[in-house]
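Here the structure is laid out as structure tokens; the discussion comes afterwards.
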Amino acid sequence: MPHKILKNMKTKKILGIDVGGSGIKGAVVNTKTGEMQSDRYRIETPVGAKPDDVAGIIETICQKFSWEGPIGVGFPAVVQHGVAKTAANIDKSFIGLNVEKLITARTNCPVKVVNDADAAGFAEMKFGAGVDKSGVVVLITVGTGIGTVIFSDGKLLPNTELGHIIMPGDREAEPYACDATRKKLELSWEQWALRFNEYLHYIEDLFWPDLFIIGGGVSKHENKIFSHFDVRTKIVPAQLLNNAGIIGAAIAAKQAFKDID
Ligand code: BGC
């Protein structure tokens, strides 16, 4: 079936969608300015996050905006050429599934799917804390999972998955230091920050970044956590907060479909 008439293709407007562990969020993004041109629409992620349910919610978000045009999706898994390769916090049946095709079939719009942290990284580098930052920038998003992004002189190394790295003491970083664990174990901000600080030390000793950018839900709590970090690397909170995933997904779609108009 041919795609709908792509009336938004030339206007730089793209529907950005961020699939997260607790919510699926979307907004219309002006990819030239990085601004969201609509309210953010959020629907709870369905329990178990199965492919048809997730695709159904994306279709609902699309309908909410009467959307006919390109869609960018940030997805919480390794994504290669539209296919999900891992499923840490979503249903395992996503593994091997072409998520791009699944969502295209539901929405009849051209769809680009990328890893959610990579999407957040695009947005922060273009419009947020990473603007004009050269050298090695490591962005870490902390939420239900831990997502990681590495940029070297502005160029992304995709799907890095350093949230699943095994730290000394046989501790996997994500279950040890993600925000879901902070909530589940009712850790104080200080207790959580000290755990995360251990993770930051491990990452900086392996990758020697010039800059850490910390994103995701915890980035709103800069004043409660940053004083507990003692890494040698410069460290700043993300600037686009929870909108980075939406904005970055739209940027990824813009890059993918740049030849269409
Ligand atoms: C996934 C990553 C994702 C991160 C944040 C991890 O569990 O493996 O692909 O970027 O969570 O959602």
Filter the stretch 11-42 for residues that are in a loop (DSSP other than H, G, I, E, B), within 14 Å of residue 65 (Cβ to Cβ) and either modelled with pLDDT of 95 or more or outside the structural domain of residue 250 (by TED's automatic domain parsing) (or both) and give the result.
-> 37, 38, 39, 40
Name, by its number, the condition in (1) over 17 Å from residue 124 (Cβ atoms); (2) part of a loop (DSSP other than H, G, I, E, B); (3) in contact (Cβ under 8 Å) with a residue 60 or more places away in the chain that does not hold for residue 186.
-> (3)
Name every residue in the stretch 40-70 that is in contact with an Asp or Glu (Cβ under 6 Å, 6 or more places away or on another chain) and of a type outside the set (D, E, K, R), in order of residue number.
-> 46, 48, 49
Condition set part of a loop (DSSP other than H, G, I, E, B) and out of contact with any helix residue (DSSP H, G or I) (no Cβ under 9 Å at 6 or more places or on another chain), scope the stretch 211-261, selection farthest from residue 191 (Cα to Cα): answer is 261
The lone exception for residue 147 - which of (1) touching a helix residue (DSSP H, G or I) at 6+ places or on another chain (Cβ under 6 Å); (2) not assigned by TED's automatic domain parsing to the domain that holds residue 198 it fails | (2)
Residues that are in a loop (DSSP other than H, G, I, E, B), among the charged types (D, E, K, R), away from the ligand (no atom under 13 Å from the Cβ) and surrounded by 15 or more Cβ atoms within 10 Å (Cβ to Cβ), drawn from the stretch 123-178 | 133
Kindly indicate whether any position in the stretch 70-91 is open to solvent by 20 Å² or more (accessible area, probe 1.4 Å) and over 18 Å from the mean Cα position of the chain (by Cα).
-> no
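Select from the stretch 95-112 the residues that are within 17 Å of the chain's Cα centre (by Cα) and free of Cβ contacts under 8 Å to residues at least 60 places away in the same chain and write down the one among them that is farthest from the ligand (Cβ to nearest atom).
Looking at the filtered set, the residue picked out is 100.
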If you check 223, 243, which single one turns out to be over 25 Å from residue 85 (Cβ atoms), within 16 Å of the ligand (Cβ to nearest atom) and open to solvent by 40 Å² or more (accessible area, probe 1.4 Å)?
-> 243
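Please go through the stretch 183-201 and give me each residue that is under 25 Å from residue 239 (Cβ atoms) and either within 15 Å of the ligand (Cβ to nearest atom) or in contact with a strand residue (DSSP E or B) (Cβ under 8 Å, 6 or more places away or on another chain) (or both), ordered by number.
Hits for the stretch 183-201 are 196, 199, 200.
The values are calculated or read from the model by the stated rules, or taken from the named source; none is laboratory data. Computed from a prediction, not measured in an experiment: that's the story for all the values here. Note that we place each Cβ from the backbone using ideal geometry, even for glycine, and neighbour counts take in every protein chain shown. Note: areas computed on protein heavy atoms with side chains; ligands, DNA, RNA excluded. Shrake-Rupley method; radii C 1.70, N 1.55, O 1.52, S 1.80 Å.
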